[in-house]
Amino acid sequence: MIEYRGLPLTIKMNPRARRVLVKLVPGQGLEVVVPKRFDAGLVPELLDGKRAWIDRTRARMEACGVDLSGRLPDLPETINFQAVERTYRVDYLDQIGRVSVVGNGGRLMVRGPIEDQGAILESLQRFAAVKAREILLPLLDDMSCRLAMPYASMRVRRQKTRWGSCSARGTISLNAKLLFLPGELVSHLLLHELCHTRHLNHSAKYWALVARIEPDFMRLEEELKRGSHHVPSWFV
Ligand SMILES: [Zn+2]
């Protein structure tokens, strides 16, 4: 693997590229796209010229929890679903065959070939995604009943940027990563989406409705925007 100032560096040739393009790619590091017949030996010098931009962008991305090292995240020793204050201690049993994840009380047993970190991470992610639906659906139902704001259907996905959304048909989509957020932020996100069943926009009327139910909504909205630091690297 080649590196540039500690970042994995990938050089890609694109015959249609007119000029050199430098990108920071989450999970991969630095990517340089060069036109045909470009002399790859010039790349280090070119990157030196963009060093200020690279450092600035890298710092901003890493502050948001984006991994640019290209390494797989470490396997977690504990998993904390902060939304419902549930913590699992994770035990790993190294054995051949398919990976399995079994939860029992506050313990999680992961069996499988430990050297296959990618497969183990995927199984843990699947486990958390299933739990997300199991945990978030009753919370949403409960709040929907309390506020008398019915919704049509609900789905849970692991999304990159949004915590949730509400469609014109009343389908509420929730980000599985909400599991890792403090309960008050999850409640607020549910409230935010349920209020969209009345107003499908962020108009003054919409915010007035939110404010009637949650007077502290401005602080909670701000904290939600910065909420991704609660999500562990193995689930980002
Ligand atoms: Zn909204």
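The values are calculated or read from the model by the stated rules, or taken from the named source; none is laboratory data. Bear in mind the structure is a predicted one, so any value in this text is a computation, not a measurement. Reconstructed Cβ throughout: ideal geometry from the backbone, glycine too, with neighbour counts over all protein chains shown.
Structure values in brief
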quantity: Leading residue by the ranking (modelled with the highest pLDDT) among those in segment 70-80 that are surrounded by 14 or more Cβ atoms within 10 Å (Cβ to Cβ) and closer than 18 Å to Q117 by Cα; calculated: I79
quantity: Criterion: exposed (fewer than 11 other Cβ atoms within 10 Å of the Cβ) and either at pLDDT below 95 or of a type in the set (G, A, S) (or both) - qualifying residue of I96, I114; calculated: I96
quantity: Residue list for segment 167-190, filter: surrounded by fewer than 21 Cβ atoms within 10 Å (Cβ to Cβ) and within 12 Å of the ligand (Cβ to nearest atom); calculated: S167, S173
quantity: Scan of segment 165-180 for residues that are touching a His at 6+ places or on another chain (Cβ under 9 Å) and within 12 Å of L139 (Cβ to Cβ), ordered by number; calculated: I172
quantity: Lone qualifier among A83, A63, A59 - being among the small types (G, A, S) and surrounded by 14 or more Cβ atoms within 10 Å (Cβ to Cβ); calculated: A83
